[in-house]
1. Over region 245-311, what is the relative contact order in percent, taking alpha-carbon pairs closer than 8 angstrom and at least six residues apart?
2. Could you state the accessible area per residue of the chain in Å², with a 1.4 Å probe and every protein chain left in place?
3. Which number comes out as Rg/Rh for region 298-431 once both Rg and the Kirkwood Rh are worked out on C-alpha atoms?
4. Describe numerically, in nm with one decimal, the distance between label points set 7 Å from Cα along Cα→Cβ at Thr110 and at Arg323.
5. Report the extension gain between Ser400 and Asp283 in nm, rounded to one decimal, defined as 0.36 nm multiplied by the number of residues separating them, less their alpha carbon distance.
6. Report the extension gain between Met373 and Glu390 in nm, rounded to one decimal, defined as 0.36 nm multiplied by the number of residues separating them, less their alpha carbon distance.
7. Quick check on my link table: of Lys267/Lys425; Lys64/Lys116; Lys233/Lys410; Lys116/Lys256; Lys162/Lys402, which ones sit more than 18 Å apart, alpha carbon to alpha carbon?
8. Could you order Leu136, Leu382, Leu374 by accessible surface area, starting with the largest, using a probe radius of 1.4 Å?
Amino acid sequence: MKKPIFFLISIFMCFGAFAQDENTYRFTSAEIEAIFLQQNLQLIAERMNISLADAEIVQAKLWKNPTLEISDVNLWSTKSQRDGESFPPLFGSFGRNTQFSVELSQLIQTANKRGKLVARERVSKEIAIQEFEVVLQGLKLELRKSISEISYLQNYLVVLDKQEEAINKLVESYKRQVQKGNIAKAELFRLQSSLLEVENESNETKVDLNEQIKTLKALLSIDPLVNIKIVGKQSRLVEPDALSLPVLLLQTIDHKADVKLSRLQTKLADKSLAYEKSQRAPDVTVSANYDRFGGIWKDFIGFGVSIDLPVFNRNQGGIKAARITQTQSQYLERQQINEAQHEVVEAYNNYLQAYNFHDKVCANDFITELDDMLEAYSKNLLNRNISMLEYIDFVESYQSTKQTVLEAQKNMQIQFEELQYRIGKDLNLAL
(Lines give C-alpha, C1' and ligand atoms only; values in the text may rest on other atoms or scores of the structure.)
Protein backbone atom coordinates (compact mmCIF):
# COMPACT_ATOMS: atom_id res chain seq x y z
CA MET A 1 0.00 0.00 0.00
CA LYS A 2 2.93 2.35 0.54
CA LYS A 3 4.08 1.83 -3.06
CA PRO A 4 0.91 1.29 -5.11
CA ILE A 5 2.69 1.60 -8.45
CA PHE A 6 4.78 -1.49 -7.67
CA PHE A 7 1.58 -3.35 -6.88
CA LEU A 8 0.14 -2.25 -10.22
CA ILE A 9 3.17 -3.56 -12.05
CA SER A 10 2.98 -6.92 -10.27
CA ILE A 11 -0.72 -7.21 -11.11
CA PHE A 12 -0.04 -6.61 -14.78
CA MET A 13 2.85 -9.05 -14.81
CA CYS A 14 0.57 -11.70 -13.31
CA PHE A 15 -2.18 -11.10 -15.83
CA GLY A 16 0.20 -10.90 -18.75
CA ALA A 17 -1.41 -7.69 -19.97
CA PHE A 18 1.20 -5.17 -18.94
CA ALA A 19 2.02 -2.58 -21.57
CA GLN A 20 3.49 0.87 -21.32
CA ASP A 21 3.43 3.71 -23.82
CA GLU A 22 4.35 7.19 -22.67
CA ASN A 23 3.46 6.37 -19.06
CA THR A 24 0.16 4.81 -20.15
CA TYR A 25 -0.98 1.55 -18.59
CA ARG A 26 -3.52 -0.60 -20.40
CA PHE A 27 -6.16 -2.26 -18.26
CA THR A 28 -8.91 -4.72 -18.90
CA SER A 29 -12.02 -4.22 -16.79
CA ALA A 30 -11.24 -7.42 -14.84
CA GLU A 31 -7.74 -6.15 -13.96
CA ILE A 32 -9.18 -2.82 -12.86
CA GLU A 33 -11.57 -4.53 -10.45
CA ALA A 34 -8.75 -6.69 -9.05
CA ILE A 35 -6.65 -3.61 -8.28
CA PHE A 36 -9.69 -1.76 -6.93
CA LEU A 37 -10.46 -4.50 -4.41
CA GLN A 38 -6.86 -4.46 -3.16
CA GLN A 39 -6.06 -0.75 -3.15
CA ASN A 40 -9.19 1.34 -2.67
CA LEU A 41 -8.51 3.32 0.49
CA GLN A 42 -12.15 3.73 1.45
CA LEU A 43 -12.64 -0.04 1.34
CA ILE A 44 -9.53 -0.58 3.45
CA ALA A 45 -10.75 1.92 6.04
CA GLU A 46 -14.29 0.48 6.05
CA ARG A 47 -12.95 -3.05 6.48
CA MET A 48 -11.27 -1.94 9.70
CA ASN A 49 -14.72 -1.46 11.25
CA ILE A 50 -15.03 -5.26 11.24
CA SER A 51 -11.84 -5.51 13.31
CA LEU A 52 -13.23 -2.85 15.64
CA ALA A 53 -16.37 -4.94 16.08
CA ASP A 54 -14.18 -7.96 16.94
CA ALA A 55 -12.50 -5.85 19.61
CA GLU A 56 -15.92 -4.94 21.05
CA ILE A 57 -16.80 -8.65 21.28
CA VAL A 58 -13.56 -9.32 23.16
CA GLN A 59 -14.34 -6.43 25.52
CA ALA A 60 -17.90 -7.67 26.14
CA LYS A 61 -16.58 -11.09 27.21
CA LEU A 62 -14.39 -9.64 29.98
CA TRP A 63 -15.40 -9.74 33.64
CA LYS A 64 -15.67 -6.56 35.63
CA ASN A 65 -12.47 -5.76 37.50
CA PRO A 66 -12.40 -6.46 41.26
CA THR A 67 -12.24 -3.45 43.58
CA LEU A 68 -9.59 -3.05 46.27
CA GLU A 69 -10.29 -0.47 48.93
CA ILE A 70 -7.98 0.62 51.78
CA SER A 71 -9.65 2.90 54.28
CA ASP A 72 -9.82 3.97 57.95
CA VAL A 73 -6.05 4.45 57.98
CA ASN A 74 -4.89 5.99 61.28
CA LEU A 75 -1.23 6.99 61.22
CA TRP A 76 -1.08 7.84 64.95
CA SER A 77 -1.17 5.56 67.98
CA THR A 78 -0.77 6.09 71.73
CA LYS A 79 1.75 4.38 74.00
CA SER A 80 -1.00 2.58 75.82
CA GLN A 81 -2.25 1.17 72.56
CA ARG A 82 1.23 -0.03 71.67
CA ASP A 83 1.87 -1.51 75.14
CA GLY A 84 -1.50 -3.23 75.14
CA GLU A 85 -0.69 -5.30 72.08
CA SER A 86 -0.27 -8.84 73.40
CA PHE A 87 0.24 -10.74 70.11
CA PRO A 88 1.54 -9.89 66.65
CA PRO A 89 -1.04 -8.68 64.17
CA LEU A 90 -2.05 -10.78 61.20
CA PHE A 91 0.19 -8.89 58.75
CA GLY A 92 3.22 -8.88 61.04
CA SER A 93 5.24 -5.67 61.16
CA PHE A 94 3.41 -4.18 58.16
CA GLY A 95 1.52 -1.15 59.43
CA ARG A 96 2.31 -2.19 63.02
CA ASN A 97 0.31 -0.27 65.64
CA THR A 98 -1.65 1.40 62.83
CA GLN A 99 -5.40 1.24 62.42
CA PHE A 100 -6.62 0.49 58.86
CA SER A 101 -9.04 -1.68 56.91
CA VAL A 102 -8.76 -3.46 53.56
CA GLU A 103 -11.68 -4.66 51.45
CA LEU A 104 -11.67 -6.66 48.20
CA SER A 105 -14.96 -6.86 46.27
CA GLN A 106 -16.06 -8.43 42.99
CA LEU A 107 -19.20 -7.69 40.97
CA ILE A 108 -20.94 -10.78 39.59
CA GLN A 109 -23.44 -10.14 36.81
CA THR A 110 -26.59 -12.20 36.96
CA ALA A 111 -29.23 -13.25 34.38
CA ASN A 112 -26.48 -14.00 31.83
CA LYS A 113 -25.98 -10.28 31.19
CA ARG A 114 -22.48 -10.80 29.89
CA GLY A 115 -23.63 -13.51 27.46
CA LYS A 116 -26.46 -11.32 26.18
CA LEU A 117 -24.07 -8.41 25.71
CA VAL A 118 -21.67 -10.64 23.76
CA ALA A 119 -24.58 -11.81 21.56
CA ARG A 120 -25.49 -8.19 20.85
CA GLU A 121 -21.92 -7.29 19.95
CA ARG A 122 -21.75 -10.26 17.58
CA VAL A 123 -24.75 -8.87 15.73
CA SER A 124 -22.96 -5.51 15.68
CA LYS A 125 -20.08 -7.26 13.92
CA GLU A 126 -22.49 -8.66 11.34
CA ILE A 127 -23.78 -5.12 10.86
CA ALA A 128 -20.22 -3.88 10.32
CA ILE A 129 -19.73 -6.57 7.67
CA GLN A 130 -22.90 -5.54 5.86
CA GLU A 131 -22.01 -1.86 6.11
CA PHE A 132 -18.76 -2.79 4.39
CA GLU A 133 -20.80 -4.59 1.72
CA VAL A 134 -22.96 -1.48 1.24
CA VAL A 135 -19.85 0.60 0.60
CA LEU A 136 -18.34 -2.10 -1.61
CA GLN A 137 -21.45 -2.45 -3.78
CA GLY A 138 -21.76 1.32 -4.15
CA LEU A 139 -18.11 1.79 -5.08
CA LYS A 140 -18.20 -1.14 -7.52
CA LEU A 141 -21.14 0.50 -9.29
CA GLU A 142 -19.25 3.80 -9.46
CA LEU A 143 -16.16 1.97 -10.74
CA ARG A 144 -18.04 0.09 -13.45
CA LYS A 145 -19.90 3.18 -14.56
CA SER A 146 -16.58 4.97 -14.83
CA ILE A 147 -15.19 2.12 -16.93
CA SER A 148 -18.23 2.31 -19.23
CA GLU A 149 -17.86 6.08 -19.59
CA ILE A 150 -14.14 5.82 -20.34
CA SER A 151 -14.71 3.07 -22.92
CA TYR A 152 -17.41 5.17 -24.57
CA LEU A 153 -15.26 8.31 -24.67
CA GLN A 154 -12.24 6.40 -26.00
CA ASN A 155 -14.33 4.90 -28.80
CA TYR A 156 -15.96 8.24 -29.57
CA LEU A 157 -12.52 9.84 -29.89
CA VAL A 158 -11.62 7.18 -32.44
CA VAL A 159 -14.69 8.21 -34.47
CA LEU A 160 -13.79 11.88 -34.24
CA ASP A 161 -10.16 11.19 -35.17
CA LYS A 162 -11.30 9.29 -38.25
CA GLN A 163 -13.66 12.09 -39.18
CA GLU A 164 -10.98 14.72 -38.57
CA GLU A 165 -8.49 12.80 -40.69
CA ALA A 166 -10.93 12.60 -43.62
CA ILE A 167 -11.78 16.31 -43.49
CA ASN A 168 -8.10 17.25 -43.12
CA LYS A 169 -7.27 15.48 -46.35
CA LEU A 170 -10.07 17.38 -48.09
CA VAL A 171 -8.92 20.70 -46.65
CA GLU A 172 -5.36 20.16 -47.94
CA SER A 173 -6.67 19.20 -51.35
CA TYR A 174 -9.03 22.18 -51.49
CA LYS A 175 -6.20 24.55 -50.49
CA ARG A 176 -4.27 23.47 -53.55
CA GLN A 177 -7.34 23.85 -55.75
CA VAL A 178 -8.03 27.34 -54.34
CA GLN A 179 -4.45 28.38 -55.13
CA LYS A 180 -4.99 27.21 -58.70
CA GLY A 181 -8.28 29.08 -58.86
CA ASN A 182 -10.34 25.97 -59.54
CA ILE A 183 -12.48 26.25 -56.39
CA ALA A 184 -14.02 29.20 -54.59
CA LYS A 185 -12.65 30.04 -51.16
CA ALA A 186 -16.14 29.79 -49.69
CA GLU A 187 -16.10 26.03 -50.11
CA LEU A 188 -12.70 25.81 -48.40
CA PHE A 189 -13.98 27.95 -45.54
CA ARG A 190 -16.98 25.65 -45.17
CA LEU A 191 -14.69 22.63 -44.88
CA GLN A 192 -12.41 24.40 -42.40
CA SER A 193 -15.44 25.39 -40.34
CA SER A 194 -16.58 21.77 -40.27
CA LEU A 195 -13.07 20.71 -39.26
CA LEU A 196 -13.06 23.20 -36.37
CA GLU A 197 -16.37 21.82 -35.14
CA VAL A 198 -14.95 18.30 -35.10
CA GLU A 199 -11.77 19.46 -33.36
CA ASN A 200 -13.82 21.31 -30.75
CA GLU A 201 -15.95 18.22 -30.16
CA SER A 202 -12.77 16.18 -29.82
CA ASN A 203 -11.33 18.65 -27.31
CA GLU A 204 -14.48 18.60 -25.18
CA THR A 205 -14.52 14.81 -25.29
CA LYS A 206 -10.91 14.69 -24.07
CA VAL A 207 -11.84 16.96 -21.15
CA ASP A 208 -14.64 14.57 -20.20
CA LEU A 209 -12.25 11.64 -20.58
CA ASN A 210 -9.71 13.29 -18.27
CA GLU A 211 -12.39 13.76 -15.64
CA GLN A 212 -13.44 10.12 -15.82
CA ILE A 213 -9.83 8.92 -15.68
CA LYS A 214 -9.30 11.11 -12.62
CA THR A 215 -12.27 9.42 -10.93
CA LEU A 216 -11.00 5.98 -11.88
CA LYS A 217 -7.47 6.63 -10.62
CA ALA A 218 -8.87 7.94 -7.34
CA LEU A 219 -10.89 4.73 -6.93
CA LEU A 220 -7.79 2.65 -7.65
CA SER A 221 -5.55 4.79 -5.40
CA ILE A 222 -2.74 4.90 -7.94
CA ASP A 223 -0.11 7.47 -8.89
CA PRO A 224 -1.79 10.54 -10.44
CA LEU A 225 1.00 10.75 -13.04
CA VAL A 226 0.06 7.34 -14.43
CA ASN A 227 -2.28 7.44 -17.41
CA ILE A 228 -4.90 4.75 -17.98
CA LYS A 229 -6.35 3.24 -21.11
CA ILE A 230 -9.02 0.57 -21.02
CA VAL A 231 -8.65 -2.30 -23.45
CA GLY A 232 -10.86 -5.26 -24.22
CA LYS A 233 -14.55 -5.61 -23.57
CA GLN A 234 -16.46 -5.29 -20.33
CA SER A 235 -18.14 -8.19 -18.61
CA ARG A 236 -20.61 -10.21 -20.63
CA LEU A 237 -24.21 -9.08 -20.36
CA VAL A 238 -27.13 -11.35 -19.60
CA GLU A 239 -30.04 -11.04 -22.00
CA PRO A 240 -33.23 -9.76 -20.34
CA ASP A 241 -35.15 -12.77 -21.65
CA ALA A 242 -32.84 -15.02 -19.61
CA LEU A 243 -33.80 -13.21 -16.41
CA SER A 244 -36.88 -13.89 -14.32
CA LEU A 245 -38.13 -10.79 -12.55
CA PRO A 246 -39.85 -12.72 -9.69
CA VAL A 247 -36.58 -14.60 -9.09
CA LEU A 248 -34.65 -11.33 -9.08
CA LEU A 249 -37.02 -9.91 -6.47
CA LEU A 250 -36.41 -12.89 -4.21
CA GLN A 251 -32.65 -12.66 -4.70
CA THR A 252 -32.74 -9.01 -3.71
CA ILE A 253 -33.90 -9.98 -0.22
CA ASP A 254 -31.00 -12.42 0.12
CA HIS A 255 -28.21 -10.42 -1.51
CA LYS A 256 -28.84 -6.66 -1.34
CA ALA A 257 -26.60 -5.30 1.38
CA ASP A 258 -29.07 -2.58 2.40
CA VAL A 259 -31.81 -5.17 2.92
CA LYS A 260 -29.52 -7.49 4.89
CA LEU A 261 -28.42 -4.52 6.97
CA SER A 262 -32.03 -3.64 7.83
CA ARG A 263 -32.62 -7.25 8.85
CA LEU A 264 -29.60 -7.13 11.12
CA GLN A 265 -30.84 -3.90 12.68
CA THR A 266 -34.01 -5.78 13.62
CA LYS A 267 -31.93 -8.62 15.01
CA LEU A 268 -29.84 -6.14 16.98
CA ALA A 269 -33.03 -4.65 18.42
CA ASP A 270 -34.10 -8.14 19.54
CA LYS A 271 -30.76 -8.70 21.25
CA SER A 272 -30.91 -5.26 22.86
CA LEU A 273 -34.37 -6.00 24.25
CA ALA A 274 -33.12 -9.27 25.73
CA TYR A 275 -30.18 -7.44 27.30
CA GLU A 276 -32.39 -4.69 28.72
CA LYS A 277 -34.70 -7.30 30.23
CA SER A 278 -31.72 -8.93 31.93
CA GLN A 279 -31.00 -5.61 33.61
CA ARG A 280 -34.09 -6.17 35.79
CA ALA A 281 -32.18 -8.80 37.73
CA PRO A 282 -29.88 -7.13 40.29
CA ASP A 283 -26.19 -7.95 40.21
CA VAL A 284 -24.41 -9.45 43.21
CA THR A 285 -21.24 -8.12 44.81
CA VAL A 286 -19.19 -10.42 47.04
CA SER A 287 -16.51 -8.99 49.28
CA ALA A 288 -13.82 -9.93 51.80
CA ASN A 289 -12.39 -7.41 54.25
CA TYR A 290 -9.73 -7.15 56.92
CA ASP A 291 -9.85 -4.61 59.77
CA ARG A 292 -6.97 -3.90 62.19
CA PHE A 293 -7.76 -2.18 65.49
CA GLY A 294 -11.12 -1.06 64.08
CA GLY A 295 -13.22 -2.64 66.80
CA ILE A 296 -12.98 -4.95 69.74
CA TRP A 297 -10.95 -7.35 67.63
CA LYS A 298 -7.41 -6.38 66.82
CA ASP A 299 -7.50 -8.42 63.60
CA PHE A 300 -10.89 -8.92 62.02
CA ILE A 301 -11.57 -10.84 58.81
CA GLY A 302 -15.08 -10.81 57.38
CA PHE A 303 -17.00 -11.70 54.24
CA GLY A 304 -20.09 -10.08 52.75
CA VAL A 305 -22.58 -10.07 49.93
CA SER A 306 -24.49 -7.07 48.60
CA ILE A 307 -27.36 -6.88 46.17
CA ASP A 308 -29.58 -4.10 44.90
CA LEU A 309 -33.24 -4.44 45.83
CA PRO A 310 -35.31 -3.97 42.64
CA VAL A 311 -38.04 -2.00 44.36
CA PHE A 312 -38.19 1.25 42.38
CA ASN A 313 -35.92 0.74 39.36
CA ARG A 314 -36.52 -2.42 37.36
CA ASN A 315 -35.22 -0.83 34.14
CA GLN A 316 -38.79 -0.15 33.00
CA GLY A 317 -37.75 2.77 30.78
CA GLY A 318 -34.88 0.88 29.14
CA ILE A 319 -37.11 -2.09 28.36
CA LYS A 320 -39.85 0.14 26.94
CA ALA A 321 -37.36 2.00 24.74
CA ALA A 322 -35.92 -1.31 23.51
CA ARG A 323 -39.42 -2.56 22.61
CA ILE A 324 -40.15 0.62 20.67
CA THR A 325 -36.81 0.30 18.85
CA GLN A 326 -37.64 -3.32 18.03
CA THR A 327 -41.01 -2.39 16.50
CA GLN A 328 -39.48 0.55 14.68
CA SER A 329 -36.74 -1.60 13.15
CA GLN A 330 -39.34 -4.12 11.95
CA TYR A 331 -41.22 -1.40 10.07
CA LEU A 332 -37.96 -0.04 8.62
CA GLU A 333 -36.97 -3.53 7.48
CA ARG A 334 -40.24 -3.96 5.62
CA GLN A 335 -39.86 -0.51 4.11
CA GLN A 336 -36.31 -1.28 2.97
CA ILE A 337 -37.41 -4.53 1.32
CA ASN A 338 -40.29 -2.72 -0.39
CA GLU A 339 -38.02 0.04 -1.73
CA ALA A 340 -35.36 -2.43 -2.86
CA GLN A 341 -37.82 -4.52 -4.83
CA HIS A 342 -39.34 -1.46 -6.51
CA GLU A 343 -35.82 -0.38 -7.47
CA VAL A 344 -35.16 -3.81 -9.00
CA VAL A 345 -38.31 -3.57 -11.14
CA GLU A 346 -37.30 -0.09 -12.30
CA ALA A 347 -33.72 -1.20 -13.04
CA TYR A 348 -34.93 -4.27 -14.93
CA ASN A 349 -37.29 -2.20 -17.10
CA ASN A 350 -34.55 0.33 -17.80
CA TYR A 351 -32.15 -2.44 -18.78
CA LEU A 352 -34.77 -4.07 -20.99
CA GLN A 353 -35.39 -0.79 -22.82
CA ALA A 354 -31.67 -0.06 -23.21
CA TYR A 355 -31.00 -3.60 -24.44
CA ASN A 356 -33.82 -3.50 -27.00
CA PHE A 357 -32.78 -0.07 -28.25
CA HIS A 358 -29.18 -1.24 -28.67
CA ASP A 359 -30.35 -4.26 -30.64
CA LYS A 360 -32.53 -2.06 -32.81
CA VAL A 361 -29.69 0.36 -33.54
CA CYS A 362 -27.19 -2.38 -34.35
CA ALA A 363 -29.71 -4.22 -36.53
CA ASN A 364 -29.52 -1.47 -39.19
CA ASP A 365 -27.26 -2.59 -42.03
CA PHE A 366 -26.05 0.90 -42.81
CA ILE A 367 -24.33 1.13 -39.39
CA THR A 368 -21.62 -1.30 -40.52
CA GLU A 369 -21.19 0.61 -43.79
CA LEU A 370 -20.72 4.06 -42.28
CA ASP A 371 -16.91 4.08 -42.38
CA ASP A 372 -16.85 3.00 -46.00
CA MET A 373 -19.48 5.61 -46.81
CA LEU A 374 -17.36 8.34 -45.21
CA GLU A 375 -14.45 7.42 -47.46
CA ALA A 376 -16.74 7.21 -50.50
CA TYR A 377 -18.30 10.61 -49.80
CA SER A 378 -14.85 12.16 -49.43
CA LYS A 379 -13.81 10.79 -52.85
CA ASN A 380 -17.08 11.89 -54.45
CA LEU A 381 -16.59 15.41 -53.11
CA LEU A 382 -13.11 15.58 -54.59
CA ASN A 383 -14.46 14.32 -57.92
CA ARG A 384 -17.29 16.87 -57.78
CA ASN A 385 -19.89 14.10 -57.85
CA ILE A 386 -21.66 15.56 -54.79
CA SER A 387 -22.04 19.09 -53.49
CA MET A 388 -20.36 20.54 -50.41
CA LEU A 389 -23.75 20.76 -48.72
CA GLU A 390 -24.38 17.06 -49.27
CA TYR A 391 -20.97 16.15 -47.90
CA ILE A 392 -21.28 18.31 -44.76
CA ASP A 393 -24.75 16.94 -44.15
CA PHE A 394 -23.42 13.38 -44.37
CA VAL A 395 -20.47 14.14 -42.08
CA GLU A 396 -22.82 15.48 -39.42
CA SER A 397 -25.07 12.43 -39.80
CA TYR A 398 -22.02 10.16 -39.61
CA GLN A 399 -20.88 11.69 -36.34
CA SER A 400 -24.39 11.71 -34.84
CA THR A 401 -25.07 8.09 -35.82
CA LYS A 402 -21.74 6.83 -34.51
CA GLN A 403 -22.32 8.67 -31.27
CA THR A 404 -25.83 7.19 -30.97
CA VAL A 405 -24.48 3.66 -31.43
CA LEU A 406 -21.77 4.16 -28.81
CA GLU A 407 -24.19 5.78 -26.36
CA ALA A 408 -26.65 2.91 -26.84
CA GLN A 409 -23.89 0.44 -26.00
CA LYS A 410 -22.76 2.48 -23.00
CA ASN A 411 -26.29 2.94 -21.63
CA MET A 412 -27.02 -0.76 -22.00
CA GLN A 413 -23.88 -1.60 -20.00
CA ILE A 414 -24.64 0.98 -17.32
CA GLN A 415 -28.25 -0.15 -16.94
CA PHE A 416 -27.05 -3.73 -16.57
CA GLU A 417 -24.64 -2.64 -13.83
CA GLU A 418 -27.48 -0.73 -12.15
CA LEU A 419 -29.60 -3.88 -12.20
CA GLN A 420 -26.79 -5.93 -10.64
CA TYR A 421 -26.33 -3.25 -7.99
CA ARG A 422 -30.04 -3.20 -7.13
CA ILE A 423 -30.07 -6.98 -6.76
CA GLY A 424 -26.82 -7.02 -4.79
CA LYS A 425 -24.97 -9.65 -6.80
CA ASP A 426 -23.37 -10.21 -10.19
CA LEU A 427 -25.73 -11.93 -12.58
CA ASN A 428 -24.79 -14.92 -14.70
CA LEU A 429 -26.42 -17.25 -17.17
CA ALA A 430 -27.10 -19.80 -14.46
CA LEU A 431 -30.08 -17.75 -13.29
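1. Normalised by residue count, the contact order of region 245-311 is 24 percent.
2. For the chain, the solvent-accessible area averages 58 Å² per residue.
3. Working: Rg = 34.7 Å, Rh = 22.0 Å.
My calculation puts Rg/Rh at 1.58.
4. With each label placed 7 Å out from Cα toward Cβ, I get 2.2 nm.
5. Full extension from Ser400 to Asp283 adds 34.4 nm.
6. Values: separation 17, 0.36 × 17 = 6.12 nm, distance 1.27 nm.
Between Met373 and Glu390, full extension yields 4.9 nm more.
7. Numbers: Lys267/Lys425 23 Å; Lys64/Lys116 15 Å; Lys233/Lys410 12 Å; Lys116/Lys256 28 Å; Lys162/Lys402 11 Å.
Where the Cα-Cα span goes over 18 Å, the pairs concerned are Lys267/Lys425; Lys116/Lys256.
8. Numbers: Leu136 25, Leu382 80, Leu374 5 Å².
Per-residue accessible area, sorted high to low, gives Leu382, Leu136, Leu374.
The values are calculated or read from the model by the stated rules, or taken from the named source; none is laboratory data. This structure is a prediction, so every number in the text was calculated from the model and none was measured. Note that each Cβ is placed from the backbone with ideal geometry, even for glycine, and that neighbours are counted across all protein chains shown. Ligands, DNA and RNA are excluded from the accessible area calculation, which covers all protein heavy atoms including side chains. Shrake-Rupley method; radii C 1.70, N 1.55, O 1.52, S 1.80 Å.
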